[in-house]
Structure formats: C-alpha cells, structure tokens
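Encoded as structure tokens, the structure appears first; notes follow it.
The values are calculated or read from the model by the stated rules, or taken from the named source; none is laboratory data. Remember, it's a predicted structure, so these values are computed and weren't measured experimentally. Cβ coordinates were reconstructed from backbone atoms using ideal geometry, including for glycine residues, and neighbour counts include every protein chain displayed.
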Amino acid sequence: MTAQDLIARLKDVTPSSIKTKPFVDGKFVDPASDATFETIYPGTGTKIADIAACGQVDVDRAVASARKAFESGVWSRMAPADRKRILTRFSELMLEHRDELAGLETLNVGKPITRSRNGDIPSAAGCIAWYADAIDKVYGEVAETGPDVTTMVVREPLGVVAAVVPWNYPLSMACWKLGPALATGNSVILKPAEQSPFTALRIAELALEAGLPPGVLNVVPGLGEAAGKALGLHMDVDCVTFTGSTEVGKMFLEYSGQSNAKHVSLELGGKSPQIVLNDCDDLDGAARAIAAGIFSNSGQVCNAGSRLVVESGIKDALLERVVAIATDLKAGDPLDESTQLGSIVSEKQFERVMSYIDIGKSEGASVVAGGKAARPESGGFFIEPTVFDNVGNGMRIAQEEIFGPVLSAITVADFDEAVTVANDTIYGLSAAIWTRDIRKAHRAARAIRAGVVWVNCFDRGSMSAPFGGFKQSGFGRDKSLHAMDKYTDWKSIWIAH
Ligand code: NAD
C-alpha cells in the first residue's frame, strides 16, 4: 500500500495537507539544510513523507521571529478581547478541519481514526477555546502595603516559549501548551515529536488564518537531539514547556542550567497504580476501567494505569474479568471506522514493548493474556493487549514505564501494603483506588504521592482541573487556570503617593 493509497482513504486529507517545512514568521520557509527525516504510517509501515530536520539555524530563525513579534506588542499587548476573538476562531477552524486533522493524526501515529476524530481533535480545539474564554478572567491584584503607596501586582507574559511535545497525543499535548501560553500573550515555538509533525504544521496555518499575527506561533519540526536541544540551550528562549520522557525532561533542566536559566516545566512519565480493595462491589466496572486505563491508545498514555495493585481476596475474580476484556480486544486497521485498538507508534517503540514482555517472562511473571505481536501480515506495528500476573513490585515490568498495552498485576495482603506498593515508584503522575470504604478512600487519596488520584473511577478529566506529576513525573501543571502560571511572571509595581 502506497502513501497515496492511504491518503485516498482519508476524508478531507489531500497531499497538500501534508506540510514538510518549518513554519516561521507566518509562512512555510525553506529549511537551512537539506537534511530530512521520514514519517512512517505505523499501521502498515509505509513511508508517508520526508520532513525537514531543522537544526540550529532554523531554530535561530524561529526564535528571532518569535522575539520580534513579542517585543512589537502585536500580540503580547493586544487587548484581551481581541486575543480572545482570535483564539476562539482558531479553535473553530480546528473543528471545521476536524476530519483533515484526524486523518493526519492517525497517519502519523496509528491511533484509531474514530478516536482521532471524536476524541483528540475536538479535545485539542476545546482546550484552545477554554483558554480563549479565560483570557479576561485572570488578572492582577492590589496589595495592602500602606497608606502612602499603591502596589499593583500584575501578571506579565514570559516572552518566547518553546513547547516540546511527544507523539502519543500530538495535537492535544501541543494545545495544552499553546492554549495557556498564547492566551497569556507569549510567542511560541512548537517542536513536535519526529513521529508526528503533521497536525502541528497544519494548525500553524489555521492559527494564521484565524488572525494570529506572524511570528506568534512558529513550528519547527526536527529531531530531539538537534532542534529540541537547540531550543533548550537557546539564550533567547525564556521558557521551555516540555511533555515527554523523564530522561529527556532531565536534559531540559541541564540545558537551562547551561544556558540562560530559562523557566522549565516538565510533564513526564508514569507508572500509575490502580488499587482495588476486597470491598470493591463493582468488579465489572472496575475491570472495564482497568482495561481501558491500560489498553486505550495502545497503552501509550503517560497516566496509563499500568500497575494493578489488587487485594488477594478478589484478585482471581478481578483478573478473570480483565483478561476476558483483553482477550476480546483485537487490534485492527487504524483507518477502519470499527477499530478500537490501533498500532504502536513506530517499529522502535514496538520493539521496546516486546522486549519488556520478554523481560517480564524472564523475571518470572506469568502472561495470562496476549504477549505477542498482532496483525503481522499488515506490515504495521501491533501488539496484543497483554496482562502479567504474579508480578513483584521490584520487577522491571512494575518499575519502568513500558508505554505499551501491558498490565502488571501485583497482589497485596491489605490496604497498608497497597498504599506502600502504590508509592514505591520513582513516578507520581496518577493513581486510582476502588473501594466502598470512604475512610480508606480518603486515606489513600492523601497518602498517595501523585498529581491526580481517582476514587472509583479512572482517567476522568476536565479543562478545569490541573494535570501533572509529583516526583519524577515532573512539575508544573497543564490544564486549568493554574497552567497560566507557567507562562507568566508576577511584577510588583509600587506607586508612591
Ligand atoms: P521523548 O522524551 O523521547 O520525546 C519528547 C520530545 O522531546 C520530542 O519532541 C523529542 O523530539 C524531544 N527530544 C528527544 N530527545 C531530546 C533531546 N536530547 N533534547 C531535546 N529534545 C529531545 O518522549 P516520547 O517518546 O515522544 O513520548 C513518550 C513519553 O512522554 C513517555 O515517557 C510519556 O509518559 C511522556 N508523556 C507524558 C505526559 C504527561 O502529561 N505527563 C503526556 C504524554 C506523554
């Protein structure tokens, strides 16, 4: 199957939807070098396009454009009502181009087309609309400092923000950054992951069409160690907002220290526990949520509930239900409307997940569902939903982020052990507890060191609630009004009477 055949299957996607050059100063420009990288459709392993592998010179150009736009005040000092109108229009345009953007997203990362169309794209557009609405709801303070002086505490944009994002929810993760960064008046350089540049490049055009002034949003595709590093080390970037692995997140802290002490915020990995206690009285509901929590998006989710921490009294009954769901869930063609489980994003990630399945077996855990590649005839990268039983929390499959459809079930004797095991990880992104005992629910919610704790549910979310991690899952929050703190600084202005 050729790239043309694949594109022909996608509603509203044409070859011209696929942009391959950096978007700087309001237009697609020639990159400084001929270097490119390939994007591959992971559903069939077909090459789709060669994309400019931007380097230092391209990053310098994008930063210069962003700086010029910021200093000119064309956006940073635009009246809030006008900024709101433009961002609202931007969000509307994303929705008007929903089928095109959904097709581009699936072509890059192999998630089911219905998920892209009904989940990722509307949610990304909704995020932009939410921050557009918030623009004139967030303002400064007047401090009580004395009768002979008035002290205003005002919020100011940081300036030039670099947003470096991953491939698992390419457009949503980008918009979690773009929404609050643009709403607060910054100029942004977006660096999409090398696996998934299509939607980032396409929305740059839509933002311009909505009225965002040139230079306020630049998009620089490229490899992490080139374009990403150049942004991290740049002396004229004021802030890096990053979502990705803990390993690379730590590099951004180093880049900041080696350059201009730029602000850094990090949304990193996770190894989230789902605790189920003996008194859980809805094992079917819990099993459905546990399966969805690890198999959605083929497990390539930062807050995937990848550790099932279950009390021994209900372990067999619960696991039986989870295994039944896992076994029923079949990977399918991501472009097929009925597919629920898509592909893994790339061959490299496929091999990484398969290697963890081997590690789990060699560590002595038992595979009770899946464990193998799926749809090998497709040429793509698919893995069966996999469940390991008899996992010890010290095993690598319980401690390391696999980022694939692999659940590790750990049996515990009681509530205290469950909480200890839940916290016994370097990560702290999210956790869940399933119980009818309100005291245990409250105790666990406070005792677990994680940025989000769900009780008798999993993966509930809203733009109104912050999202982010404790411990090595990062710091700083996406979503909610709190995210605006990452892109602004407070200034105290003292006016003597
Ligand atoms: P990654 O860290 O490999 O890449 C993320 C981004 O960093 C990409 O744009 C990449 O090009 C860039 N990058 C890579 N190496 C770099 C370097 N040396 N210098 C500068 N930039 C570099 O992560 P990924 O594989 O794209 O995504 C998966 C990871 O993202 C998982 O660990 C997952 O948990 C995490 N994630 C976290 C959240 C969250 O909100 N906490 C959300 C989604 C994904």
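Using beta carbons and a limit of 9 Å, which pairs, at least six apart or on different chains, have the first residue in segment 467-482 and in contact (Cβ under 8 Å) with a residue 12 or more places away in the chain and within 10 Å of the ligand (Cβ to nearest atom) and the second one of a type in the set (Phe, Trp, Tyr) and part of a helix (DSSP H, G or I)?
PHE467/TRP176; ASP478/TRP176; LYS479/TRP130; LYS479/TRP176
Among the candidates GLY222, GLY179, single out the residue that is touching a residue at least 12 places away in the same chain (Cβ under 8 Å), within 16 Å of ALA52 (Cβ to Cβ), within 15 Å of the ligand (Cβ to nearest atom) and in contact with a Cys (Cβ under 9 Å, 6 or more places away or on another chain). Lay out the reasoning, then the answer.
Working: GLY179 fails: within 16 Å of ALA52 (Cβ to Cβ).
Result of the check over GLY222, GLY179: GLY222.
For segment 264-284, give me each residue that is in contact with a helix residue (DSSP H, G or I) (Cβ under 7 Å, 6 or more places away or on another chain) and more than 30 Å from LEU319 (Cα to Cα). Steps first, please.
Of the residues in segment 264-284, the ones in contact with a helix residue (DSSP H, G or I) (Cβ under 7 Å, 6 or more places away or on another chain) are 264-266, 268-269, 271, 273-278, 280, 283-284.
Result: VAL264, SER265, LEU266.
Could you tell me which of the residues LEU253, LEU231, LEU266 is within 16 Å of the ligand (Cβ to nearest atom), in a strand (DSSP E or B) and not β-branched (Val, Ile, Thr)? Working first, answer last.
Details: LEU253 fails: in a strand (DSSP E or B); LEU231 fails: in a strand (DSSP E or B).
The match here is LEU266.
So how many residues does segment 182-204 have that are over 21 Å from ALA49 (Cα atoms) and within 16 Å of the ligand (Cβ to nearest atom)?
Residues in segment 182-204 being over 21 Å from ALA49 (Cα atoms) and within 16 Å of the ligand (Cβ to nearest atom): 2 in total.
Considering only residues that are of a type in the set (Gly, Ala, Ser), within 22 Å of TYR356 (Cα to Cα) and either out of contact with any helix residue (DSSP H, G or I) (no Cβ under 7 Å at 6 or more places or on another chain) or within 16 Å of the ligand (Cβ to nearest atom) (or both), which ones fall in segment 285-323?
ALA292, GLY293, SER296, SER298, GLY299, ALA304, GLY305, SER306
Quick one: what pairs do we get from segment 148-175, first residue modelled with pLDDT of 95 or more and within 16 Å of the ligand (Cβ to nearest atom), second among the basic types (Lys, Arg) and not in a strand (DSSP E or B), C-beta under 9 Å, 6+ apart or different chains?
Partner pairs satisfying both residue conditions: VAL161/LYS177; VAL161/LYS486; ALA162/LYS262; ALA163/LYS177; VAL164/LYS177; VAL165/LYS177; ASN168/LYS111; TYR169/LYS111.
Report whether or not ILE128 is within 16 Å of the ligand (Cβ to nearest atom), touching a helix residue (DSSP H, G or I) at 6+ places or on another chain (Cβ under 6 Å) and hydrophobic (A, V, I, L, M, F, W, C). Give the derivation first.
Values: within 16 Å of the ligand (Cβ to nearest atom): no; touching a helix residue (DSSP H, G or I) at 6+ places or on another chain (Cβ under 6 Å): yes; hydrophobic (A, V, I, L, M, F, W, C): yes.
Against the criterion (within 16 Å of the ligand (Cβ to nearest atom), touching a helix residue (DSSP H, G or I) at 6+ places or on another chain (Cβ under 6 Å) and hydrophobic (A, V, I, L, M, F, W, C)), ILE128 does not qualify.
How many of the residues making up segment 326-358 are of a type in the set (A, V, I, L, M, F, W, C) and assigned to a helix (DSSP H, G or I)? Show your work before the answer.
As a first pass, look at segment 326-358 and keep what is of a type in the set (A, V, I, L, M, F, W, C): 326, 329, 331, 335, 341, 344-345, 350, 353-354, 357.
Cutting the leftovers down to assigned to a helix (DSSP H, G or I) gives us 326, 350, 353-354, 357.
So the count comes out to 5.
Check every one of the helices (runs of 4 or more DSSP H) wholly within segment 40-141 and list those with 2 or more residues that are in contact with a Leu (Cβ under 7 Å, 6 or more places away or on another chain) and at pLDDT 95 or above.
Details: elements: 56-72, 80-96, 98-109, 121-134.
Passing ranges, in order: 80-96, 98-109, 121-134.
Output the residues belonging to segment 21-46 that are in contact with a Phe, Trp or Tyr (Cβ under 8 Å, 6 or more places away or on another chain) and more than 20 Å from ALA66 (Cα to Cα). Give the derivation first.
Residues of segment 21-46 that are in contact with a Phe, Trp or Tyr (Cβ under 8 Å, 6 or more places away or on another chain), as a first pass: 21-22, 29, 39, 42, 45.
THR39, PRO42, GLY45 - these are the residues of segment 21-46 that are in contact with a Phe, Trp or Tyr (Cβ under 8 Å, 6 or more places away or on another chain) and more than 20 Å from ALA66 (Cα to Cα).
So which residues in segment 463-478 are in a loop (DSSP other than H, G, I, E, B) and either over 14 Å from TYR131 (Cβ atoms) or modelled with pLDDT under 95 (or both)?
Narrowing segment 463-478 to residues in a loop (DSSP other than H, G, I, E, B): 463-466, 468-469, 472-473, 476-477.
Hits for segment 463-478 are ALA465, GLY468, GLY469, GLN472, SER473, GLY476.
If you check ALA207 against the conditions, is it of a type outside the set (Phe, Trp, Tyr), touching a residue at least 24 places away in the same chain (Cβ under 8 Å), within 10 Å of the ligand (Cβ to nearest atom) and surrounded by 24 or more Cβ atoms within 10 Å (Cβ to Cβ)?
Values: of a type outside the set (Phe, Trp, Tyr): yes; touching a residue at least 24 places away in the same chain (Cβ under 8 Å): yes; within 10 Å of the ligand (Cβ to nearest atom): no; surrounded by 24 or more Cβ atoms within 10 Å (Cβ to Cβ): yes.
Answer is no for this residue.
Inside segment 422-443, can you point out the residues that are under 24 Å from ARG477 (Cα atoms), buried (at least 24 other Cβ atoms within 10 Å of the Cβ) and not hydroxyl-bearing (Ser, Thr, Tyr)?
Listed by number, the residues that qualify are ALA422, GLY428, LEU429, ALA431, ALA432, ILE433.
Can you go through SER366, SER378 and tell me which one is under 30 Å from ASN278 (Cβ atoms) and over 26 Å from the mean Cα position of the chain (by Cα)? Spell out the reasoning first.
On the way: SER378 fails: under 30 Å from ASN278 (Cβ atoms).
Criteria check complete, one pass: SER366.
Can you tell me how many residues in segment 153-188 are surrounded by 24 or more Cβ atoms within 10 Å (Cβ to Cβ), closer than 13 Å to VAL138 by Cβ and of a type outside the set (Ser, Thr, Tyr)?
Count: 3.
Looking at ALA409 and the list (1) touching a residue at least 40 places away in the same chain (Cβ under 8 Å); (2) touching an Asp or Glu at 6+ places or on another chain (Cβ under 7 Å); (3) part of a loop (DSSP other than H, G, I, E, B), which single condition is not satisfied?
Every condition holds for ALA409 apart from (3).
Just to check your reading of the model, which residue among SER296, SER259, SER312 is within 20 Å of the chain's Cα centre (by Cα) and among the hydroxyl-bearing types (Ser, Thr, Tyr)? Break it down stepwise before answering.
Values: SER259 fails: within 20 Å of the chain's Cα centre (by Cα); SER312 fails: within 20 Å of the chain's Cα centre (by Cα).
Checking each option against the conditions leaves just SER296.
Since THR386 meets every condition but one in (1) in contact with a Phe, Trp or Tyr (Cβ under 7 Å, 6 or more places away or on another chain); (2) within 28 Å of SER196 (Cα to Cα); (3) crowded, with 21+ Cβ neighbours inside 10 Å; (4) not hydrophobic (A, V, I, L, M, F, W, C), which condition does it not meet?
Going through the list (1) in contact with a Phe, Trp or Tyr (Cβ under 7 Å, 6 or more places away or on another chain); (2) within 28 Å of SER196 (Cα to Cα); (3) crowded, with 21+ Cβ neighbours inside 10 Å; (4) not hydrophobic (A, V, I, L, M, F, W, C), THR386 breaks only (1).
For segment 290-325, give me each residue that is over 18 Å from VAL391 (Cα atoms) and assigned to a loop (DSSP other than H, G, I, E, B).
GLN300, VAL301, CYS302, ASN303
Hey, does segment 133-156 have a residue that's touching a helix residue (DSSP H, G or I) at 6+ places or on another chain (Cβ under 9 Å) and under 25 Å from LYS27 (Cβ atoms)?
For segment 133-156, residues touching a helix residue (DSSP H, G or I) at 6+ places or on another chain (Cβ under 9 Å) and under 25 Å from LYS27 (Cβ atoms): absent.
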